[in-house]
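In what follows, a structure is listed as structure tokens, so that the remarks can point back to it.
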Amino acid sequence: MSKEVQQENKMGVMPERKLLITMSIPMMISMLVQALYNIVDSIFVSRISEDALTAVSLAFPLQSLMIAVAAGTGVGVNALASRALGEKNPEKADKVASNGLFIYLISYLVMLVLGLTLVKPFYHMQTNASQTAIFDAGVTYLTIVMTLSFGIYAQFIFERLLQATGRTVLTMISQGTGAVINIILDPILIFGYLGLPKMGIAGAAIATVIGQIVAASIALIWNLKKNTDIRIRLKGFRPDGKLIGEIYKIGVPSIIMQGIGSVMTAGMNLILMGLSSTGAAVFGVYFKLQSFFFMPVIGLNNGLIPIISYNYGARRKDRVMNTLHHAYGIAAIFMIIGLLAFELIPKQLLGLFDASPEMVAIGVKALRIIGVHFLAAWFCIITGSFFQAMGRATYSLYVSVARQLVVLLPVAWLLARIGGLDLIWWCLPIAEVMSLAITLFLRSRVMRDIVDKM
């Protein structure tokens with residue numbers, strides 16, 4: 001059976017719900033493992049000290065920027081490669097893969113330079129003279145993660161090529177293995193078990209990097225041995241400016257959208273550090289905890305985008321909409337579970353991070369307020385991926401800019417001045433309501449201008 005027929009059997013013929021579940025569940029499982037790693041990593045770091053936990057929380061904006069570049073580029077590579085296969089153009093899919101690898105190499109070199117030059121000024125901006133422990137720990141952690149980020153960039157490109165051809169089980173194996181290795185290495189390197197020296201916060205960073213390199217190596221092997229639909233052709237390779245432009249046309253809005261998240265987090269950290277370093281630690285813990293409910297939805301998106309992109313290329317309106325509606329239902333379930341956890345057991349969740357009495361007092365109130373935004377977040381996340389798959393990635397960008405920069409940060413600043421830590425957390429539910437309104441409006445435009453004309 002030819003690879004085109006195989007692809008058609010899966011992406012163009014398999015019942016939509018079964019296809020979405022088949023492609024998404026492996027990614028959702030691997031994302032859950034990744035979320036578990038995020039939580040376990042912070043749990044181990046919190047055992048060093050609250051200052052170490054705060055330092056890692058403050059690193060989140062630059063880490064998010066690094067991942068935003070990788071994930072956003074992956075959206076472009078994934079969607080464009082899937083669309084090329086849907087259009088029965090495997091040669092273009094191969095060129096997308098080769099040019100995508102080139103883009104990731106350049107992206108890593110940029111992060112290497114930033115890791116060597118930007119980390120210390122970044123922490124100087126967020127700490128004062130009395131917080132040297134936070135500064136020193138943060139600089140150590142973030143420098144290692146950024147300068148050795150070639151692993152995560154290689155992991156993203158090779159896993160996205162597997163996803164683009166429906167081989168999400170292989171992606172689950174590579175990503176899950178990397179996360180498990182990270183979890184295993186964390187206590188060994190942080191606390192100096194098995195005869196190794198006690199490395200503290202540096203051990204947490206090194207464990208992260210090693211896990212990424214292992215995952216990238218596995219994903220590369222899968223592409224070379226199992227991916228018969230797309231081939232990375234490096235012999236005689238020359239960058240294709242037009243194709244790179246197409247990748248970035250889809251990917252850049254996603255990069256900017258996630259990069260805006262880095263700006264938002266940095267801004268929130270600055271506001272919170274002005275009120276309480278413990279408040280900043282709580283905000284960091286929130287991000288770790290919410291990932292356990294958001295990461296599976298992101299995994300769902302990774303299955304959703306190539307399916308919708310393929311059937312958009314094949315002009316199958318029915319399959320596009322059926323897939324979208326099934327994704328809405330699955331995402332809503334995860335968000336409801338997250339809401340219940342934040343409302344019913346916030347103290348127990350904070351206890352995982354060796355929280356001090358002050359951190360528990362601040363965190364319980366914060367998690368219960370923040371949890372309200374889960375009620376709308378599922379719809380906005382899935383619809384944003386729908387925009388990307390339909391070639392309207394800029395719509396996702398508009399929503400993200402409005403939510404995180406136009407509303408969330410100014411509202412957070414205002415609430416901090418009015419009511420301090422008691423009120424500031426309401427900025428997230430308020431921003432989510434606005435995000436929902438804009439998402440509904442833009443979705444109606446996509447339905448009118450694209451879907452109804454298919």
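Label zone of residue 110 (point 7 Å out along Cα→Cβ, amide N under 16 Å): in segment 63-83 this covers 63-77. In loop segments of segment 394-454 as defined by DSSP, there are no chymotrypsin sites (Phe, Trp or Tyr not before Pro) with at most 11 further C-beta atoms inside 10 Å of their C-beta. Only DSSP H runs of four or more residues enter the estimate; each adds -39500 (n - 2.57), and after division by the residues of the chain the mean residue ellipticity at 222 nm equals -28000 deg cm²/dmol.
Applying D = kT/(6 pi eta Rh) to segment 314-424, where Rh is the Kirkwood radius over alpha-carbon pairs, T corresponds to 4 °C and eta to 1.567 mPa s, the Stokes-Einstein value obtained is 79 µm²/s. Full extension of the chain between residue 451 and residue 348 gives 32.5 nm of extra length, using 0.36 nm per residue less the Cα-Cα distance. Its Cα gyration tensor gives segment 75-143 an equivalent ellipsoid. The semi-axes, each the square root of 5 times an eigenvalue, are 42, 11, 7 Å from largest down.
Legend: residue pairs 92/249; 95/242; 92/235; 95/249; 88/226; 92/242, Cα-Cα distance threshold 18 Å; pairs beyond threshold, 88/226.
Our note on the geometry: Cα centres of segment 17-94 and segment 385-415, 19 Å apart. Shown here for segment 41-94: trypsin sites (Lys or Arg not before Pro) in loop regions (DSSP other than H, G, I, E, B) with at most 15 other Cβ atoms within 10 Å, namely 47, 88. Taking the C-alpha atoms only, the angle from helix 150-164 to the longest principal axis of the chain is near 40 degrees. As a ratio to 2.2 N^0.38 Å, the alpha-carbon radius of gyration computed for segment 3-453 takes the value 0.95.
Extents of segment 8-58, largest first, come to 54, 16, 13 Å (Cα atoms, principal axes, whole angstrom).
Rg and Dmax, both from the Cα atoms of segment 132-274 and both in Å, are 18.6, 55.
Taking the C-alpha atoms only, the angle from helix 357-370 to the longest principal axis of the chain is near 30 degrees. Listed by chain and number, the lysines whose alpha-carbon sits under 17 Å from that of residue 225, ignoring those within fewer than 8 places in the same chain, are 3.
Using the alpha-carbon centroid of each, what span in Å lies between segment 314-329 and segment 186-226? So the separation of the two Cα centres works out to 39 Å.
Taken together, the values in this text are just the output of simple stated rules run on the coordinates, not laboratory data. Here the structure is a predicted model, which is why all the values come from computation and not from measurement. Glycine also receives a Cβ, built like all others from the backbone with ideal geometry; neighbour counts cover every protein chain displayed.
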